[in-house]
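Data first, discussion second: the structure below is written as structure tokens.
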Amino acid sequence: MTELDPDDPRPPYQQVANSLRAAILTKKLMPGDKLASQSELAKRYGVARMTIQQALRILRDEGLVVSRQGSGVFVRERTERPVGLRPHLERAFEQPEVSIDFAGFSGETLHGALTEPLDKIRSGHVRPESIRVRLLVPDTEMPWTLPARVEDMQDSPAFRKRASGIMQRHTLAIVDAVNEMGRLGLVPDSKAELRVYPAVPLFKLYLINKSEAFFGYYPVREHVVQLDGEDTPIWDLMGKDATLFHHAAEPHEESLSALFIEQSQMWFDSIWTTVAREARR
């Protein structure tokens with residue numbers, strides 16, 4: 001059995017994810033390799049299956065593994081291409097001023113990725129002077145063109161209601177956790193805001209400290225969802241299948257990455273200050 005460190009302040013699922021991530025990045029697990037079953041991993045690490053599921057979700061979000069229905073979980077064939085958001089966010093929190101702008105569908109990936117940096121603030125390992133987080137998600141009170149019902153390509157109010165619950169669960173948790181840093185006096189100036197806008201994003205965008213951008217398209221997949229007690233096929237935007245591409249630039253650098261970051265920030269600010277409105281809880 002692989003013992004977890006009892007003195008490690010991080011939750012067991014993060015420790016398991018770190019162990020598996022290290023095995024993948026050091027090629028102990030090669031691209032295409034199948035991971036042990038959840039039951040076997042639970043036994044190996046001495047944790048519950050739920051803990052293993054949480055760890056695998058982190059690795060899927062980072063683009064390191066893929067799940068194949070009926071077959072198991074496999075190391076992604078091209079692990080050098082997808083980029084993990086998590087380590088870059090952790091480094092961003094080592095700076096005195098932290099800024100994160102997110103535009104996307106639910107904020108689920110960001111919610112998971114922020115857990116460790118905020119835990120490090122609580123434990124005193126990092127102490128930024130200010131944090132600013134802005135979250136931009138689609139307005140669930142307006143009809144959508146996508147996701148849509150497969151049968152007639154029409155908007156589904158029931159699906160929007162379901163999506164609204166998912167969005168609120170993750171985005172409001174981020175807002176509460178970041179604002180709590182300020183209320184507790186752990187960060188002198190800490191604020192998170194959530195706004196909605198009248199469009200559905202076909203991509204996810206993260207802008208970090210105005211010097212890094214992560215961008216990925218949402219693939220459209222047919223997804224059967226239970227709505228109003230019935231299995232309903234939906235053309236859905238699959239965030240877990242989105243590959244993130246990373247752009248980084250130094251201040252005043254002239255490069256394609258710097259231009260991408262600049263234009264992405266301009267787009268985000270334009271939406272935020274014009275058609276976006278404060279989200280209602």
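The values are calculated or read from the model by the stated rules, or taken from the named source; none is laboratory data. Since the structure is predicted, the reported quantities are computational estimates derived from the model, not experimental observations. Every residue, glycine among them, receives a Cβ derived from its backbone with ideal geometry; neighbour counts consider all protein chains shown. In case anyone asks, the SASA skips ligands and DNA or RNA and just uses the protein heavy atoms, side chains included. Shrake-Rupley method; radii C 1.70, N 1.55, O 1.52, S 1.80 Å.
Here are some notes:
- Once the chain from Asp231 to Ser71 is taken as fully extended at 0.36 nm per residue, the excess over their C-alpha distance is 55.3 nm.
- Point-to-point label distance, Ser257-Glu97, nm (Cα→Cβ direction, 7 Å offset): 2.2 nm
- For the chain, averaging the sequence separation of C-alpha pairs within contact (under 8 Å, six or more residues apart) and dividing by the residue count gives a relative contact order of 16 percent.
- Packing order of peptides 104-111, 204-211, highest average first: 104-111, 204-211 (average count of other Cβ atoms within 10 Å over each peptide's residues).
- Placing unit charges on each Cβ (+1 for Lys and Arg, -1 for Asp and Glu) gives the chain a dipole about its Cα centre, and among Gln53, Leu207, Gln168 the Cα reaching farthest toward its positive end belongs to Gln53.
- Grouping the Cα pair distances of segment 28-123 into 10 Å bins from zero gives a pair-distance distribution of 14, 38, 34, 13, 1 percent in increasing distance order.
- Annotation: per residue accessible area for the chain equals 52 Å², rounded to a whole number [probe 1.4 Å, protein chains only].
- Alpha-carbon centroid distance for the pair segment 158-206 / segment 246-281, whole angstrom: 18 Å
- Over the chain: Rg over Rh, Cα atoms, Kirkwood Rh: 0.96
- Debye intensity ratio in log₁₀ form over the Cα atoms of segment 12-75, taken at each q of 0.17, 0.24 Å⁻¹: -0.50, -1.05
- Cα Rg over Rh - segment 209-281, Kirkwood: 1.15
- Nearest-0.05 FRET efficiency for Glu222 and Ala199, computed from C-beta distance (R0 30 Å): 0.85
- In loop segments of segment 8-45 as defined by DSSP, the trypsin sites (Lys or Arg not before Pro) with at most 11 further C-beta atoms inside 10 Å of their C-beta are Lys27, Lys28.
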